[in-house]
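Worksheet for the structure shown next.
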Amino acid sequence: TGYKELRSLVENDVSSQIGQKFLATTNNIEKITLLMSVINNITPSDLAWTGNIIVSIYQLQSVVNCPTDLVPSLAIDFDPSNVPLAQLSMTYNDFLNMGIILNTVPQPVDFVFSNTQLAAGSLIVPTNFYAVTVKRAGSANKCQIQLAVGGNDTPNSQLTLFNGSIWIDIPESDLWFQVWTDAA
């Protein structure tokens, strides 16, 4: 569970996203594990974050949106599509009900997609690229949600960030992530 840096989703920012592009190796996704923590720069002892955390799975596009856009040479370099294949929205109380209490020490958090179409084996195509992203929504005005980032140790994957208008890839980094499938 080591990491080299933490990327933050700050207070009152509901447009930025932190994501991970990856190559699907099977036809389903049961859950995704991310290494997460929380900080509060105003009242460090109060780590009860507000708003929602939204975890989404997107297929990467395979064509450019505008004829004047540059066409990426690699499939992993395309942006995530505009419509998610699945989304989970969770509040602080949802985390508490699952027994998860985020603090300043990053810990693995499971986001379970087994009750979505991702687990059915009909949406995910092996050898296609996908992205898992995390963002905030609602009244997200307290605390910073942090995701651990490491070196790019997983082949066919890379960190991607959305700043509210464009996606920016960071090929030398990966989120600390794990994709769980129902495959032997």
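The values are calculated or read from the model by the stated rules, or taken from the named source; none is laboratory data. Predicted, not measured: the structure shown is a model, and the values here were computed from it. Quick reminder, even Gly has a Cβ in these numbers, built from the backbone with ideal geometry, and neighbours come from all protein chains shown. In case anyone asks, the SASA skips ligands and DNA or RNA and just uses the protein heavy atoms, side chains included. Shrake-Rupley method; radii C 1.70, N 1.55, O 1.52, S 1.80 Å.
Miscellaneous remarks
- The stretch 1-67 versus the stretch 72-111: alpha-carbon centroid distance in Å: 5
- Rg and Dmax of the stretch 19-142, Cα atoms only, in Å: 16.7, 51
- The stretch 1-100, accessible area per residue, ligands and nucleic acids excluded (1.4 Å, Å²): 51
- With θ taken as phi - 60° and the Karplus curve 6.51 cos²θ - 1.76 cosθ + 1.60 applied, the whole-hertz 3J(HN,Hα) list for the stretch 24-35 is 6, 10, 9, 9, 8, 10, 8, 7, 10, 9, 10, 9 Hz, x standing for glycine and proline.
- Derived scalar couplings between HN and Hα for the stretch 70-75 equal 6, 8, x, 7, 10, 4 Hz in order, rounded to whole Hz, by the Karplus curve 6.51 cos²θ - 1.76 cosθ + 1.60 (θ = phi - 60°), x for Gly and Pro.
- Amide H to amide H distances under 5 Å link THR50 with ASN141, LYS142, where only residues 5 or more positions off or on other chains count and H is placed in the peptide plane.
- Residue (of VAL179, ASN12, VAL55) at the positive-pole extreme of the chain, dipole from beta-carbon charges: ASN12
- For LEU85, the residues whose amide H sits under 5 Å from its own are ILE57, TYR58, GLN59, ignoring neighbours fewer than 5 places away on the same chain, with H placed 1.01 Å from N.
- When the P(r) of the stretch 102-177 is calculated, the portion above 20 Å amounts to 49% of the C-alpha pairs.
- Percent accessible area from carbon and sulfur atoms, the stretch 1-138, protein chains only, probe 1.4 Å: 52
- 3J(HN,Hα) from dihedral phi, the stretch 112-119, Karplus parametrisation 6.51/-1.76/1.60, rounded to Hz, x for glycine, proline: 8, 10, 5, 9, 10, 5, 4, 7
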